[in-house]
Amino acid sequence: MTHDNILMSSNQQDNLENDQTLQYFTAIRLQEPETSVAITAIRTLIDVINRSSAGTMSELSHELKSAVQLLTTQTDSSMPSVKSGCELFLRFITLAKFDTFAIDECRQKLIERGKVFLDRALSSRQRISEYSQEFIVDGSIILTHSYSRVVLALLAYASKFTRFKVFVTESQPDKSDASVAYIMEKVTFVLMGAEAVVESGGIINKIGTFNIAIAAHEMNKPFYVASESFKFVRYYPLNNRDLPDHFKYKASTIARLSEKNLEMEHPLVDYTPPAYITLLFTDIGTLTPSAVSDELIKLYI
């Protein structure tokens, strides 16, 4: 077999593996729409380990990094959530030393650690719901934005113990909700989800979140955020202009348009600085924005 044939065979194998990775991810998104994209990405990486024929840990590590690159550039899901979930997953499963094990044993141990991480992640919403309950009193009027899965789970849990009313805005560019300031006068507090929690303690979330945070701040309304810790990402934006394109737009939009034309596109997310956030309800506890950086250090060390 010539060098060109070997190279072609290798490329074909890479393309096949990439297709399988994307198909697995897409199938979960279609069959389980209530599953967060970060959880879907983590499950996909576990499948990559399962399917891997790598002969060394170095090769397996390369395959996982390639899969992460694929998921963060070739899918139209929330890139901040996928990025943070994948980074924390890889960090967790590689903490242990596997120098003394054969590759098959290493692969099995990585899968076992991956499932431990996944189990913890899957129980996040329940813990968040429990931590937040003391803040939802009977008769509360809550304003939320879009349809965050963790917020929906939190409210469903709270409804077992208290009675409250919820106002929900819309985040689509063509159905923008202009009544936020009017409604804000009535609400007890604002409750948001997050696509990512950044190092500053601020959040990246559906476009329009920052507008609501400003209105809440002006009217002295608490602004709470519910987020799983696997959405904590090592990133420190100074403002909305700092957000990278792959956070703000779908992968298909970026592929279709040049950088200049992207400026005409409506961004999907915005950045809300920590000064506008009262507390974050997470699976590792109720945090102030200033405590996020310390928790990130713990997660990544």
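The values are calculated or read from the model by the stated rules, or taken from the named source; none is laboratory data. Model, not experiment: these values are computed from the prediction. No Cβ is skipped: glycine too gets one built from the backbone with ideal geometry, and neighbour counts run over all protein chains shown. Heavy atoms of the whole protein, side chains included, go into the accessibility calculation; ligands, DNA and RNA do not. Shrake-Rupley method; radii C 1.70, N 1.55, O 1.52, S 1.80 Å.
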Filtering the stretch 56-69 down to residues that are part of a helix (DSSP H, G or I) and either open to solvent by 20 Å² or more (accessible area, probe 1.4 Å) or not hydrophobic (A, V, I, L, M, F, W, C) (or both) yields Met57, Ser58, Glu59, Ser61, His62, Glu63, Lys65, Ser66, Val68, Gln69
When (1) in a helix (DSSP H, G or I); (2) at pLDDT 85 or above are applied to Asn15, the one that fails is (2)
Condition set of a type outside the set (A, V, I, L, M, F, W, C) and free of Cβ contacts under 8 Å to residues at least 40 places away in the same chain, scope the stretch 140-163, selection surrounded by the most Cβ atoms within 10 Å (Cβ to Cβ): answer is Tyr157
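Of the residues Ser52, Ser77, which is over 25 Å from Tyr271 (Cβ atoms) and polar (S, T, N, Q)? If you could, list the steps in order and put the result at the bottom.
Numbers: Ser77 fails: over 25 Å from Tyr271 (Cβ atoms).
Testing whether each residue is over 25 Å from Tyr271 (Cβ atoms) and polar (S, T, N, Q) leaves just Ser52.
With in contact with a strand residue (DSSP E or B) (Cβ under 8 Å, 6 or more places away or on another chain) and open to solvent by less than 60 Å² (accessible area, probe 1.4 Å) as the only criterion, which of Pro237, Pro274 stands out? If you could, list the steps in order and put the result at the bottom.
Working: Pro274 fails: in contact with a strand residue (DSSP E or B) (Cβ under 8 Å, 6 or more places away or on another chain).
Pro237 is the lone residue from the list that is in contact with a strand residue (DSSP E or B) (Cβ under 8 Å, 6 or more places away or on another chain) and open to solvent by less than 60 Å² (accessible area, probe 1.4 Å).
Looking only at the stretch 216-236, which residues are closer than 28 Å to Ile183 by Cβ and of a type outside the set (D, E, K, R)?
Let us first name the residues in the stretch 216-236 that are closer than 28 Å to Ile183 by Cβ, namely 216-228, 231.
Correct list: Ala216, His217, Met219, Asn220, Pro222, Phe223, Tyr224, Val225, Ala226, Ser227.
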When you scan the stretch 267-283, do you find a residue that is free of Cβ contacts under 8 Å to residues at least 40 places away in the same chain, in a loop (DSSP other than H, G, I, E, B) and in contact with a Leu (Cβ under 9 Å, 6 or more places away or on another chain), even just one? no
Checking Ser53, Ser36 in turn, the sole residue that is surrounded by 19 or more Cβ atoms within 10 Å (Cβ to Cβ) and of a type in the set (Gly, Ala, Ser) turns out to be Ser36
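Before we move on, is Val150 assigned to a helix (DSSP H, G or I), more than 20 Å from Glu265 (Cβ to Cβ) and either in contact with a helix residue (DSSP H, G or I) (Cβ under 7 Å, 6 or more places away or on another chain) or among the aromatic types (Phe, Trp, Tyr) (or both)?
On the way: assigned to a helix (DSSP H, G or I): yes; more than 20 Å from Glu265 (Cβ to Cβ): yes; either in contact with a helix residue (DSSP H, G or I) (Cβ under 7 Å, 6 or more places away or on another chain) or among the aromatic types (Phe, Trp, Tyr) (or both): yes.
It is true that Val150 is assigned to a helix (DSSP H, G or I), more than 20 Å from Glu265 (Cβ to Cβ) and either in contact with a helix residue (DSSP H, G or I) (Cβ under 7 Å, 6 or more places away or on another chain) or among the aromatic types (Phe, Trp, Tyr) (or both).
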The residue that is modelled with the lowest pLDDT, considering only those in the stretch 240-270 that are in contact with a Lys or Arg (Cβ under 9 Å, 6 or more places away or on another chain) and open to solvent by less than 20 Å² (accessible area, probe 1.4 Å), is Leu262
